[in-house]
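Every number in this text was worked out from the coordinates using simple rules, so none of it is lab data. Keep in mind the model is a prediction, meaning the values are calculated, not measured. Note that each Cβ is placed from the backbone with ideal geometry, even for glycine, and that neighbours are counted across all protein chains shown.
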């Protein structure tokens, strides 16, 4: 096994095969990459709010699926979106029993994906990744969560015309409807323990 020296770590925009991409788990174990159509994207760390929101969302969803076929995973779980596309959503819901098997390392039938938006990733999340998610046949809902104000967007696949998507916005005091799993999540629970009036720490 070869470990890359720090200055030679593969960077966003580098091209490689799927096999080479999966080999990064061993050659660069301390980094995490997404992969789309032959190109990798090096993922960066997020803020405390980003982590809290992702945790709150995952915890709230897990409480909804104590029994039944659906399971909830966090950002360490790789999700296959297309034949040559692999992402790490902040939260993923799958209702395929195969995705729950012990030792599974890739979710292949995501039903809901959640991305907490960051300044450095929002453009990609709203364009490249959103389009890729919408092309994934198993994904029924895509959730984008703002980390600077209570604002949650849900893109929902049309039941009759599968290529059509609607967009619904939820604000503070409302409940986010995840219709594909018949679950409702209070926006206030997504932002639990986050005070938007507290000044941000400047780095």
Computed over the chain: longest principal axis from alpha-carbon atoms vs helix 18-27 long axis, angle to nearest 10 degrees, is 80
Contact order normalised by length for the chain, with contacts defined as Cα pairs under 8 Å and 6 or more residues apart; what percent is it? 14
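Could you check what % of the DSSP bridge pairs in the chain are antiparallel, to the nearest 5?
Values: 33 of 40 bridges.
Bridges in the chain that DSSP calls antiparallel: roughly 80 percent.
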Sticking with the crude label model, points 7 Å out along Cα→Cβ, report the distance from residue 39 to residue 189 in nm, one decimal please. 3.9
Full-extension gain between residue 135 and residue 166, please, as 0.36 nm times their residue separation minus the C-alpha to C-alpha distance. 9.7 nm
Among 30, 56, 84, determine the one that fluctuates most according to a GNM of the chain built with springs between C-alpha atoms less than 10 Å apart. 30
Exposure proxy ranking, count of Cβ atoms within 10 Å, fewest first, for 167, 41: 167, 41
Tell me the mean residue ellipticity at 222 nm calculated for the chain from its helices only (DSSP H runs of n ≥ 4, each -39500 (n - 2.57), averaged over every residue, nearest 500). -6000 deg cm²/dmol
Over segment 1-155, with a single point scatterer placed on each C-alpha, what log10 of the ratio I(q)/I(0) does the Debye formula yield at q = 0.14, 0.18, 0.19 1/Å? -0.71, -1.16, -1.28
Mean-square fluctuation check for the chain, GNM, Cα pairs under 10 Å: which of 64, 140, 23 is largest? 23
Taking 0.36 nm per residue of sequence separation and subtracting the Cα-Cα distance, how much length would be gained by fully extending the chain between residue 149 and residue 98, in nm to one decimal? 14.7 nm
Highest-fluctuation residue, 67, 94, 118 considered, GNM on the chain with Cα pairs under 10 Å: 67
